[in-house]
2 protein chains.
Amino acid sequence: MKFRSLLVAVLTMSLSSALQAQEFSEQQLAQVKQVREAASQSNLSWQLLTSLTTEVGPRLPGTENDKKAVAWAKKHLEQLGFDKVWVEEATFPEWRRYHESAKILLPSEQPLHLTALGNSISTPTEGLSAEVVLFETLDELIAAPAGSLNGKIAFINYRMNRDIDGNGYGPAVRARNSGAVEAAKKGAIAYMMRSVSTSHHRFAHTGGSHYKTGVTKIPATAVANPDADQLARLINAGHDVKVSLNIQTEDLGQGTSYNVIGEFTGTEFPAQYVLIGGHLDSWDLGTGALDDGAGVALTMAAAKHIADVKRPKRSIRVVLFAAEELGLWGAKAYFKKHKADLDNIVAAAESDFGADVVYAFESNVNAASLPVVREIAAQLAPLGVKYIGKNSAHGGPDLIPLKNSTSAPIFALHQDGTDYFDYHHTADDTLDKVDPAKLKQNTAAYAVFALMAADAKTKMAGK
Amino acid sequence: MKFRSLLVAVLTMSLSSALQAQEFSEQQLAQVKQVREAASQSNLSWQLLTSLTTEVGPRLPGTENDKKAVAWAKKHLEQLGFDKVWVEEATFPEWRRYHESAKILLPSEQPLHLTALGNSISTPTEGLSAEVVLFETLDELIAAPAGSLNGKIAFINYRMNRDIDGNGYGPAVRARNSGAVEAAKKGAIAYMMRSVSTSHHRFAHTGGSHYKTGVTKIPATAVANPDADQLARLINAGHDVKVSLNIQTEDLGQGTSYNVIGEFTGTEFPAQYVLIGGHLDSWDLGTGALDDGAGVALTMAAAKHIADVKRPKRSIRVVLFAAEELGLWGAKAYFKKHKADLDNIVAAAESDFGADVVYAFESNVNAASLPVVREIAAQLAPLGVKYIGKNSAHGGPDLIPLKNSTSAPIFALHQDGTDYFDYHHTADDTLDKVDPAKLKQNTAAYAVFALMAADAKTKMAGK
């Protein structure tokens, strides 16, 4: 039995090796190595990220800076020698933040660090002030009696969990998505939440929020975690806590921006392509280095490193999505426009989780594509990337509309997200938060992945 | 020779031991142990710090909160059972910050995180905007040609060094003390400096600054380090960088506040006392937890832990100084008022360097006091505190006027300051930055020190 098991194992491994070996020639594997090493040593992604975050800065969709970012991306894709560079229009609900300030008034006056959530309406020009009612969770707020918050400010103090894969985000973000609606249903005149954040620094984290037809819109805000602690301590000590709040924002109706796209054209199947990218827009508070300048810079650089060595069989397309932060509007436009030929996508991966090391690689493909996946994984291993065999990758947020409309071959190059939510959507998301060495590793991982997906014998497909 | 050297060494040690043993009885040493253990386990200092930073919050001298802090301190000293509690007036130049905002205008508009330095004048109501000229050091600015900054904003980008003893602060703070004066001499209309800070977070660090008679006053500000990096990158890349700036502050003339003092009265020499304390005021941006709520809370608690066990021979006096941040005004008033009897001070130590672990103990006393010092050091050793034998301690900032007016016996319980300047004088100086376990260790160290200094046979004195 033991011998037979061993024999089966050896045969299976040999067969697997043989199949894998057929996907890529020795020459191709040498090219992969060449690309990996070049990308691992190149400053290109760092230079691009530095330029975007310094010379353009924050990139809220529809702003002058957003227009500058589109021009920046187009110019740099052209300068990098992409075979085709073009833009595609995307529309979105345009929104601006003009002013935000707040104070704790009672029992002692002190500044309160908060920020308006995206899409929040303004307070009256002179602001508003009211008593704060504390809830530990969104569900606690939902369970509050009708009318119990009349004239008050609802405050949810839910603490996000820190983990490498950011699994704390989903549970925490519920209060951002619908907290203001639930608070308004109970009569609240404003909404505050603890930031969706793992940080203990005094930055408020913004992010998208939503209203619901038929429910009164109220100002929606997030407070910095130390301020959330302060509010909770005061309230739990039995004080009547009164806060004043002044938020000035504007809903500008439908805005327009552009997905910026660059492609290196494939030699055998030019219509087929690997889609990599990030989103070009950012929130207005920081300079969008981690979210998502890094994704923009490293996927641009990865494609360039491939093209420096060869044009693969299939095209490499870098898509820099517009208006992700306001609701994936660039991605929706892209996948709608390209609906008829989504099966040309042989692999898709978005980098939108900062730029800490890529520690794992995961696919979401049909069985016939798995030998290619395993060969890619083998070539990522020298970068310290482990292979996750679950074959159920989600990809980045801008791939959600793709997944919703077709069975696409989706990949995740999992970045270590342990610290990501310390900075996410804050003023503190600035260039210095990116480690140049880690950015190189990210770039190399994307380059290896994109080259091999584009150059494999088998055209990969989704489940 | 060898034998004789050994003999001398042994005799010296024995003599030294004998002398030390005479300073404290076995019973006294048992009491020291009891106090050390009680303080190491007590939450009292944490409770006091929590109450001060939460219920009072920021404590800029002269504000309503400053008045609340004085009332808070008096109430808590009384509640802790101090034998005497009183206040002593201190006057200071009162100053307020009302508004501060700034933007980089060119080459791309983006927020600039800065703060007015203490004592800064306002910009015009509508703000000002001008080109920024970069200097790496104060000396570079001083060397600039006369008139070369006419109509411009001077910006010094000096980077502070991180170290356990904060030795980077002195060199860095020169630009805060006199940068605005030097900039004005060259014709600048405003002054910006990189924060005196070791942090990479986007907080600007405020702090005292000065003008000079005969030199035009210009607005004086510090920018957060990531913003200083951004300005330097833009300027070094060859861009003409224009910044707009709006600072609204007010000089309110002479203000009044109070040193708050509590004393446990000594049994044999009640007029003689150990002085421990911190400063009650704080900057307005944070809640003054590290600077200096911790010093206030831990010295109050240390004295109480001693009194729970005994009244020592000499008094223990906790002095909570007023208006330190604006120029040691409480300390100046205290040591002036008590000028005639400063030789009653048998030991003085101020905690004003955060609340990371006390890692070392150092004296500044005459030779006759050294046996007491060594016995204290031996009783601090179980807390992980090493003895520094240099005998040249500086003590805290509020002891500077004492040192300047007399030869007082001064002590330093050196806190680990490696991270202190990440938070110092920022909005991020909040309760969560203090580790409750480390605060207990600090409290125990101060309690051991104060008890032994007050209860020693020898009255210690300065050099």
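The values are calculated or read from the model by the stated rules, or taken from the named source; none is laboratory data. Note that the structure is predicted; figures quoted are calculated from it, not measured. Cβ placement follows ideal geometry from the backbone for every residue including glycine, while neighbour counts extend to all protein chains displayed.
Going by what's in this entry, would B:Ser101 be described as small (Gly, Ala, Ser), modelled with pLDDT of 95 or more, over 21 Å from the mean Cα position of the chain (by Cα) and not assigned by TED's automatic domain parsing to the domain that holds B:Leu328?
So B:Ser101 passes the test.
With the requirement that a residue be touching a helix residue (DSSP H, G or I) at 6+ places or on another chain (Cβ under 7 Å) and either surrounded by fewer than 23 Cβ atoms within 10 Å (Cβ to Cβ) or among the small types (Gly, Ala, Ser) (or both), what does segment A:147-157 give you?
Answer for segment A:147-157, where residues must be touching a helix residue (DSSP H, G or I) at 6+ places or on another chain (Cβ under 7 Å) and either surrounded by fewer than 23 Cβ atoms within 10 Å (Cβ to Cβ) or among the small types (Gly, Ala, Ser) (or both): A:Ala154, A:Asn157.
Which of the residues belonging to segment A:351-397 are of a type outside the set (A, V, I, L, M), within 20 Å of A:Lys440 (Cβ to Cβ) and free of Cβ contacts under 8 Å to residues at least 60 places away in the same chain?
Within segment A:351-397, A:Gly384, A:Lys386 qualify.
Which count do you get for residues in segment A:334-367 that are over 24 Å from A:Pro401 (Cα atoms) and over 23 Å from the mean Cα position of the chain (by Cα)?
Within segment A:334-367, residues that are over 24 Å from A:Pro401 (Cα atoms) and over 23 Å from the mean Cα position of the chain (by Cα) number 0.
For segment B:426-441, what are the residues that are within 14 Å of chain A (Cβ to nearest Cβ) and not aliphatic (A, V, I, L, M)?
B:Thr426, B:Asp428, B:Asp429, B:Thr430, B:Asp432, B:Lys433, B:Asp435, B:Pro436 - these are the residues of segment B:426-441 that are within 14 Å of chain A (Cβ to nearest Cβ) and not aliphatic (A, V, I, L, M).
Answer with yes or no whether A:Thr12 is modelled with pLDDT of 95 or more and of a type in the set (Ser, Thr, Tyr).
no
Checking B:Leu141 against (1) within 14 Å of chain A (Cβ to nearest Cβ); (2) crowded, with 18+ Cβ neighbours inside 10 Å; (3) of a type outside the set (Val, Ile, Thr), which test does it fail?
Every condition holds for B:Leu141 apart from (1).
I'm trying to understand the selection: among the residues of segment B:325-351, which are outside any strand (DSSP E or B) and out of contact with any Ser or Thr (no Cβ under 9 Å at 6 or more places or on another chain)?
Matches in segment B:325-351: B:Leu326, B:Gly327, B:Leu328, B:Ala331, B:Lys332, B:Tyr334, B:Lys337, B:His338, B:Ala340, B:Asp341.
Which of the residues belonging to segment B:348-363 are closer than 29 Å to B:Ser25 by Cβ and crowded, with 24+ Cβ neighbours inside 10 Å?
Listed by number, the residues that qualify are B:Ala348, B:Ala349, B:Ser351, B:Val358, B:Phe361, B:Ser363.
Condition check: touching a Phe, Trp or Tyr at 6+ places or on another chain (Cβ under 7 Å) and not β-branched (Val, Ile, Thr). Does B:Glu268 satisfy that?
no
Need the failing condition index for A:Val373 against (1) more than 20 Å from A:Lys438 (Cβ to Cβ); (2) in a loop (DSSP other than H, G, I, E, B); (3) of a type in the set (A, V, I, L, M), just the number.
The failed condition is (2).
Where in segment A:123-204 are there strands (runs of 3 or more DSSP E), lying fully within it, with 2 or more residues that are over 19 Å from the mean Cα position of the chain (by Cα) and among the small types (Gly, Ala, Ser)?
Here the list reads A:128-135.
Mind telling me which of the residues B:Leu290, B:Leu326 ends up being assigned by TED's automatic domain parsing to the domain that holds B:Ala450, within 21 Å of B:Pro401 (Cβ to Cβ) and not hydroxyl-bearing (Ser, Thr, Tyr)?
On inspection, the qualifying residue turns out to be B:Leu326.
Pairs under 6 Å by beta carbon, first residue within 12 Å of A:Pro312 (Cβ to Cβ) in segment A:257-269, partner surrounded by fewer than 22 Cβ atoms within 10 Å (Cβ to Cβ) and aliphatic (A, V, I, L, M), six or more apart or different chains?
Qualifying pairs under 6 Å: A:Phe264/A:Ala307.
Based on what the data block shows, is A:Ile247 outside any loop (DSSP other than H, G, I, E, B), outside the structural domain of A:Asp429 (by TED's automatic domain parsing) and either of a type in the set (A, V, I, L, M, F, W, C) or surrounded by fewer than 23 Cβ atoms within 10 Å (Cβ to Cβ) (or both)?
yes
From B:Ala408, B:Ala381, B:Ala445, which residue is among the aliphatic types (A, V, I, L, M), in a helix (DSSP H, G or I) and more than 18 Å from the chain's Cα centre (by Cα)?
B:Ala381
Working only within segment B:52-103, note down all residues that are within 9 Å of chain A (Cβ to nearest Cβ) and crowded, with 16+ Cβ neighbours inside 10 Å.
Across segment B:52-103, the qualifying residues are B:Thr53, B:Thr54, B:Glu55, B:Val56, B:Gly57, B:Pro58, B:Thr63, B:Asn65, B:Lys68.
Give the residues of segment A:224-267 that are within 14 Å of chain B (Cβ to nearest Cβ) and among the aliphatic types (A, V, I, L, M), sorted by residue number.
Once the filter is applied, which keeps residues that are within 14 Å of chain B (Cβ to nearest Cβ) and among the aliphatic types (A, V, I, L, M), segment A:224-267 yields A:Ala224, A:Ala228, A:Leu231, A:Ala232, A:Leu234, A:Ile235, A:Ala237, A:Val241, A:Val243.
Being out of contact with any strand residue (DSSP E or B) (no Cβ under 6 Å at 6 or more places or on another chain) and surrounded by fewer than 24 Cβ atoms within 10 Å (Cβ to Cβ) is the filter; apply it to segment B:442-463 and report the residue that is modelled with the lowest pLDDT.
The selected residue is B:Lys463.
Looking at B:Thr50 and the list (1) over 24 Å from B:Thr216 (Cβ atoms); (2) polar (S, T, N, Q); (3) not in a helix (DSSP H, G or I), which single condition is not satisfied?
(3)
Kindly check whether there is at least one residue in segment A:255-273 that is under 25 Å from A:Thr53 (Cβ atoms) and out of contact with any strand residue (DSSP E or B) (no Cβ under 8 Å at 6 or more places or on another chain).
No, because not a single residue in segment A:255-273 is under 25 Å from A:Thr53 (Cβ atoms) and out of contact with any strand residue (DSSP E or B) (no Cβ under 8 Å at 6 or more places or on another chain).
The rows are residues; the columns are (1) closer than 24 Å to B:Gly327 by Cα; (2) within 14 Å of chain A (Cβ to nearest Cβ); (3) free of Cβ contacts under 8 Å to residues at least 12 places away in the same chain.
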| position | (1), (2), (3) |
| --- | --- |
| B:Leu105 | no, yes, no |
| B:Pro111 | no, yes, yes |
| B:Leu117 | yes, no, no |
| B:Gly151 | no, no, no |
| B:Glu182 | yes, no, no |
| B:Ser195 | yes, yes, no |
| B:Arg202 | no, yes, no |
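Can you find, within segment B:205-222, the residue that is farthest from the other protein chains (Cβ to nearest Cβ) among those that are assigned to a loop (DSSP other than H, G, I, E, B) and within 19 Å of B:Tyr169 (Cα to Cα)?
My answer is B:His210.
Would you pick out the residues in segment A:223-237 that are assigned to a loop (DSSP other than H, G, I, E, B) and polar (S, T, N, Q)?
none
B:Leu44 - would you say it is touching a His at 6+ places or on another chain (Cβ under 9 Å) and surrounded by fewer than 19 Cβ atoms within 10 Å (Cβ to Cβ)?
Against the criterion (touching a His at 6+ places or on another chain (Cβ under 9 Å) and surrounded by fewer than 19 Cβ atoms within 10 Å (Cβ to Cβ)), B:Leu44 does not qualify.
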